[in-house]
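S.K.: Just dropping this structure here.
Read-outs: derived from the displayed coordinates by stated rules, not from any lab. Please read these numbers as outputs of a predicted model, since none were measured by experiment. All Cβ positions, glycine included, derive from the backbone under ideal geometry; neighbour counts span all protein chains shown.
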Amino acid sequence: MDLTGKIIAILPANSGVSARTGNPWMNQEYVLEVPGQYPRRMLFRVFGEERIKQFNIKAGEEVTVQFDIDAHEYQGRWFNQINAFNVFRGAPAQSIPAATAVGGTAPAASPFPPAQPAAAQPEAAPFAPAQETAAEESTDDLPF
């Protein structure tokens, strides 16, 4: 998924050492505001010191964020977590290949066919024609 908007807040970075592996870790959270009649805000997390430095997100920037959503349970309650895996400056994600922006290889072809223009698609009636029946043939008195 991806969303384009303006960075309105940058929260302090969190860091620590993994109890399981002993490796250091770091993450930072940002607030993205999506413009519109009713602006929406999304809190997202960038995990890893390398990615935090690579993305170099600044307050007030217009960015497109590609992210994954995951939920986890803690003591009977569920919480969402939004993790960014790619951030682009000012351009929609479709114009910049995701893998090349991170330093990987070019992405494979999309599994979805390209959208057809509305004029090229055949028009279908939204409902089948109504069957006309005489009121005398019906034995129930329901209006439908």
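S.K.: For the range 43-80, what are the residues that are surrounded by fewer than 14 Cβ atoms within 10 Å (Cβ to Cβ), assigned to a strand (DSSP E or B) and of a type outside the set (D, E, K, R)?
M.R.: Result: 43, 69, 71, 72, 74, 78, 79, 80.
S.K.: Can you name the condition, by its number, that residue 33 falls short on among (1) of a type in the set (D, E, K, R); (2) in a strand (DSSP E or B); (3) exposed (fewer than 11 other Cβ atoms within 10 Å of the Cβ)?
M.R.: Status for residue 33: all satisfied but (3).
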